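Read the structure below first, then the notes.
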Amino acid sequence: MYNSKIINMRPDKKNSENILYIVATPIGDIEDITVRAINILKQANLVAAEDTRRASALFSHYNITTPLISYYEQNEDKRSDLLIKKLKAGDSIALISDAGVPLISDPGYRLVKKAIENNIKIVPIPGASAITASLSAAGLPTDSFFFKGFMPKKKQKRIEAIKEIKEYKATLIFFESPMRIKNFIKELSEVIGDREAVLAREITKNYEEFIRGKLSDILNKLNLRNSVKGECTLLVAGKTEEYISENSFVKELERLLSKKDKRLSEIVKDIADRYNISKKIIYDNAVKIKKNLNL
């Protein structure tokens, strides 16, 4: 039987000196934290937190009284040096991010690298992750996946980044802000084709939602809303033969031709490059489509 008293224990600090703990915290539901993580946070001499305010709420809920110090992107270099000194002096330190597993699109890499260089023991304390949580419920292939995280904010760099991974056969996983998610989905479909995808929003929270379908289907559903809210994780099927079939590029041709914002030669080249099909095949189909749609 589960003994709830265990989370109120404060383990002996003498057993964990000179250790840097990388501790996963909840991504939404505050109960998604392991008993071990709570005990480590209680036993550490210091906790380095990306957001001390969010950490304070977690600490209050679980009666954790360990001192907090801020550790975020802008102060990562200086704080890393300070924390390494404390670790070398004998302290044990736990690193936590805003939510989920530290270092995954969050600060921490510099600290871990310096800890390794100084022969400091590093112990991961696993737990909640938006990557694995969304992947497990998405219904897309899980035998191989590629986590890209947040894409560049500038459009040209973002398009280039998408092109670099468009041939990947693994399921693609992205983090994106709710303000940019619709535009990002549109760009994705234009570069890699209208693939099967899943948008996981507000994972583990009260308004958790999984929107499944083609990228175009997801975009259409989002366009019906006044706004998109909450943390977004987008999963997209990897490239398979399905996405270089005639049906796929014909559908894409119809969409691009209907927009009438590009010359036919540009559209043909774009589709040919994207689907690795000869320009003649693309052109012949484009002529048929224009005739059928009276374009």
Checklist entry - Shape call for the stretch 245-292 from the C-alpha gyration tensor, a ≥ b ≥ c root eigenvalues: rounded (a/c under 1.5), prolate (a/b greater than b/c) or oblate? => result rounded
Checklist entry - Of (i) 145; (ii) 117; (iii) 161, which is the value of volume of the Cα convex hull per residue in Å³ derived from the coordinates here? => result (iii)
Next on the checklist: Using the Karplus curve 6.51 cos²θ - 1.76 cosθ + 1.60 with θ = phi - 60°, what ³J(HN,Hα) values do you get for each residue of the stretch 163-168, in whole Hz, with x for Gly and Pro?
Outcome noted: 4, 5, 10, 5, 8, 5
Item to check | Residue-wise HN-Hα coupling along the stretch 260-273, computed from phi with Karplus coefficients 6.51, -1.76, 1.60 (Hz; x: Gly, Pro) | outcome: 6, 10, 9, 6, 4, 4, 5, 5, 4, 5, 4, 5, 4, 5
Checklist entry - Mean residue ellipticity at 222 nm from the helices of the chain, using -39,500 (n - 2.57) per DSSP H segment of n ≥ 4 over the full residue count, to the nearest 500 deg cm²/dmol? => result -12500 deg cm²/dmol
Checklist entry - For labels at VAL35 and VAL250 in the simple 7 Å Cα→Cβ model, what's the distance in nm? => result 6.0 nm
Item to check | Cut-off of 10 Å, at most 11 other beta carbons, DSSP loop: longest stretch of the chain lacking such GluC sites (Glu not before Pro) | outcome: 32-166
Checklist outcome for this item: The answer for trypsin sites (Lys or Arg not before Pro) in the stretch 249-295 that fall in a DSSP coil and have at most 13 neighbouring Cβ atoms within 10 Å is LYS260, LYS262, ARG263
Checklist entry - Taking the Cβ of ILE203 as the center, what net charge do the other residues with Cβ under 12 Å away carry, scoring Lys and Arg +1 and Asp and Glu -1? => result -4
Checklist entry - Near the amide H of GLU176, under 5 Å away, which other amide H atoms are found, from residues 5 or more places off or on another chain, if H is placed in the peptide plane? => result CYS232, LEU234
Checklist outcome for this item: Expected vector for the stretch 143-153, Karplus 3J(HN,Hα) from phi with 6.51, -1.76, 1.60 and θ = phi - 60°, integer Hz, x for Gly and Pro, equals 6, 8, 9, 10, 8, 9, x, 7, 7, x, 6
Checklist entry - Which value in nm describes the separation of the simple spin-label points at GLN74 and SER258, placed 7 Å from the Cα toward the beta carbon? => result 4.6 nm
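According to the square roots a ≥ b ≥ c of the eigenvalues of the Cα gyration tensor, what is the shape class of the stretch 4-128, taking rounded for a/c under 1.5, prolate for a/b larger than b/c otherwise, and oblate for the remainder?
oblate
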Checklist entry - Between GLU167 and ALA89, what is the spin-label point distance in nm, taking each point 7 Å from the Cα along the Cα→C-beta axis? => result 5.3 nm
Next on the checklist: Can you list residues from other chains, or at least 5 along the same chain, whose modelled amide H is less than 5 Å from the amide H of LEU46?
Outcome noted: SER92, ALA94
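Values in this text are rule-based calculations from the coordinates and carry no lab data. All figures in this text were calculated on a predicted structure; none of them were measured in a lab. Cβ atoms come from the backbone with ideal geometry, glycine included; neighbour counts cover every protein chain shown.
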